[in-house]
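The values are calculated or read from the model by the stated rules, or taken from the named source; none is laboratory data. Being a predicted model, the structure only gives us computed values, none of them experimental. In this analysis, Cβ positions are derived from the backbone assuming ideal geometry, glycine residues included, and neighbour counts consider all displayed protein chains.
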């Protein structure tokens, strides 16, 4: 379990993290989303016990990270941003070092083999880490984090720099481990949230702006339950669909001419739309029920409407 | 708290020490150290001309040898960790700050110890040529090793200040140079000329590496000299821990 209460980190006047509170239970995979500089990494560094919070607390399985750091760190596997390691060491030497620091003792061999197997590192064990590709280095960092089979995993951008196949493998790995662990993953790849997270927190400017399941976040999108179609006659389609009572707006994409009908909040319009099209005997090549768009919700939440820069100029 | 397995400070120390030998740096250092130690002893020190069977000319140059060679070893201690980001990995492992500072310091110290031990041919030479006081020579080695530890602890602290190894090197050389010179009449006269009271001047003289080292290297092991080096090392390592804690966020 991971819990943070009013976690703050200020650098001079800059509030990098400004009162972040959340709780993650075993079995949950929490996705940490936010634009660059939102405070994701800073929050994770405080949970991992690397940075000292300006105020607030973080606890890992009941151990306060500041008051009882060693107990908290024992229960935690942490992949720092950029997956740093000791470049001059071989992969085998590095993992053995981590195993010794973790005090694995007799389990050492078995745990190393397990982590190496899960991350497909067997072929590079004798290579020095400096000579590895970015993807392999990231996997060495992950192997290091899961080596002691920790109850809590904090992974800062675990799939950054991996190719699509490796991304898929790492996501599968995170899901496989999620059953009995508490996991926090930071990412700026939104599709990843769908693939691995049971819950997502969006932060920007050091504050939590949204905390929900990926599905519920998607439902906030105006595309959620919208209906789109392509036809040779978009103008006519727009007029036709706009007459349906539950449709709030109909837009035509200026690029590909695709027509999208947006529902009023909380309404389903797919049946009404297909009915209307049938009655008017309207010709269309293809029709689709839209899912919510996470990237749109993300932009909506992290970039509030209005142009504050222009307003400031006016005031001056 | 009980930890299964090995002592953590030792695990960290072993990793660090191995990493010295993973690159050519260690071998380059050892060769340069041995060549310079020999050159100083035989040419500048007049080892043969003196006609005395002791290692004074050898030990006399150690402070100056260390002045440039030890900062080269110490500069990477923390600056490298900061630059590569591995400091974040190290300090989020279940190790205390002290174990980390001490482990890395002991590795560097052991490494200098190895280099120092490899000067043994000079000890054989002096025994072959004459009948030296081997007790004094052992004391000299011991004092030299202690002084190396003091240099290293200064370097450890200054290396923690920056992620740039060159800056760490220069800062360490400057501070160590000041600590060496503190006992010299030239420096003491300057402070006297500035009107400092005798107590302050004695205190400055007492801070000097050379004052304490030269006593030990002559075979006189005084508890005060040992305490001095222990206090120096303790102080600078403590300062290292404080600096790392303050600056790890940058």
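Taking the conditions exactly as written (within 14 Å of chain A (Cβ to nearest Cβ) and assigned to a helix (DSSP H, G or I)), does residue B:109 satisfy them or not? Considered against the rule, which asks whether it is within 14 Å of chain A (Cβ to nearest Cβ) and assigned to a helix (DSSP H, G or I), residue B:109 comes out as no.
Taking residues in the stretch B:82-104 that are facing chain A (nearest Cβ under 7 Å) and on the phi > 0 side of the Ramachandran plot, and partners anywhere that are surrounded by fewer than 22 Cβ atoms within 10 Å (Cβ to Cβ) and not in a helix (DSSP H, G or I), the pairs with Cβ atoms closer than 9 Å and at least 6 places apart or on different chains are B:85/A:81; B:85/A:82; B:85/A:84.
Across the stretch A:102-114, the qualifying residues are those that are within 30 Å of the chain's Cα centre (by Cα), part of a helix (DSSP H, G or I) and surrounded by 16 or more Cβ atoms within 10 Å (Cβ to Cβ), and the one among them that is farthest from the other protein chains (Cβ to nearest Cβ) is A:112.
Scanning the stretch A:73-88 for residues that are within 7 Å of chain B (Cβ to nearest Cβ) and either assigned to a loop (DSSP other than H, G, I, E, B) or within 17 Å of residue A:119 (Cβ to Cβ) (or both) yields A:78, A:80, A:82, A:84, A:85, A:86, A:87, A:88.
Of all the numbered requirements in (1) on the phi > 0 side of the Ramachandran plot; (2) at pLDDT 90 or above; (3) more than 14 Å from chain A (Cβ to nearest Cβ), residue B:46 misses one, and that requirement is (2). The set of residues from the stretch A:115-170 being part of a loop (DSSP other than H, G, I, E, B) and farther than 23 Å from residue A:103 by Cα comprises A:120, A:127, A:132, A:133, A:157, A:158, A:159, A:160, A:161, A:162, A:163.
Residues considered: A:9, A:23. Of these, the only one that is in contact (Cβ under 8 Å) with a residue 24 or more places away in the chain, in contact with a strand residue (DSSP E or B) (Cβ under 8 Å, 6 or more places away or on another chain) and either assigned to a loop (DSSP other than H, G, I, E, B) or more than 8 Å from every other protein chain (Cβ to nearest Cβ) (or both) is A:9.
Checking each residue of the stretch B:10-20 against the condition of being part of a helix (DSSP H, G or I), under 29 Å from residue B:216 (Cα atoms), at pLDDT 90 or above and more than 14 Å from every other protein chain (Cβ to nearest Cβ) gives no match.
Looking across the stretch A:257-283, the residues that are touching a helix residue (DSSP H, G or I) at 6+ places or on another chain (Cβ under 8 Å) and surrounded by fewer than 15 Cβ atoms within 10 Å (Cβ to Cβ) come down to A:257, A:280. Apart from one condition, residue B:164 fits all of (1) within 25 Å of residue B:59 (Cα to Cα); (2) surrounded by fewer than 21 Cβ atoms within 10 Å (Cβ to Cβ); (3) touching a residue at least 60 places away in the same chain (Cβ under 8 Å); (4) more than 12 Å from the chain's Cα centre (by Cα); the exception is (1).
Those residues that are touching a strand residue (DSSP E or B) at 6+ places or on another chain (Cβ under 7 Å) and assigned to a strand (DSSP E or B), I need them from the stretch A:203-217; list them, please. Once the filter is applied, which keeps residues that are touching a strand residue (DSSP E or B) at 6+ places or on another chain (Cβ under 7 Å) and assigned to a strand (DSSP E or B), the stretch A:203-217 yields A:203, A:207, A:208, A:209, A:210, A:211, A:212. Considering the stretch A:39-61, the residues that are within 9 Å of chain B (Cβ to nearest Cβ) and either under 15 Å from the mean Cα position of the chain (by Cα) or in a loop (DSSP other than H, G, I, E, B) (or both) include one that is nearest to residue A:6 (Cα to Cα), namely A:52.
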